[in-house]
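Here the structure comes first, spelled out in structure tokens, and everything after it is commentary.
The values are calculated or read from the model by the stated rules, or taken from the named source; none is laboratory data. All values derive from a computational prediction rather than experimental measurement. Every residue, glycine among them, receives a Cβ derived from its backbone with ideal geometry; neighbour counts consider all protein chains shown. Note: accessible area is taken over every heavy atom of the protein model, side chains too, but ligands, DNA and RNA are not part of it. Shrake-Rupley method; radii C 1.70, N 1.55, O 1.52, S 1.80 Å.
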Amino acid sequence: MKPILLVDDDDFFLEILTRNIKQVGFEVMKATCISEAKEVLQSTEPLLICSDLKISDGSGFELLDYV
């Protein structure tokens, strides 16, 4: 199964979300900034991307445009 990519610069929220998603059986990949998410997307095609809109190095909309 393809992983879910979570993008958020709040480490606490990212860990809680990761734990909950893994509990229901999904693989999770994490990124804490837009540039890191873009790197992940160059090598992986996730099933779903869940991104914060306001991130330290840009916007979730920038990531959407990239995808």
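For the set LYS2, LYS38, the ranking by accessible area, highest first and with no ligand, DNA or RNA atoms included, is LYS2, LYS38 under a 1.4 Å probe. Once the 1.4 Å probe is applied to the protein heavy atoms, the chain comes out at 66 Å² accessible per residue.
Restricting the calculation to alpha carbons of the chain gives Rg and Dmax of 11.1, 30 angstrom. The slack in the chain from ILE16 to GLU36, taken as 0.36 nm per residue of separation less the alpha-carbon distance, amounts to 5.3 nm.
Modelled spin labels at SER56 and ASP9, positioned 7 Å past Cα toward Cβ, are 0.7 nm from each other.
Cross-link partners for LYS54 among the lysines, with Cα-Cα distance under 17 Å and sequence neighbours closer than 8 places in the same chain left out: LYS30, LYS38. Adding -39500 (n - 2.57) for every DSSP H run of four residues or longer, then dividing by how many residues the chain holds, sets the calculated 222 nm ellipticity at -13000 deg cm²/dmol.
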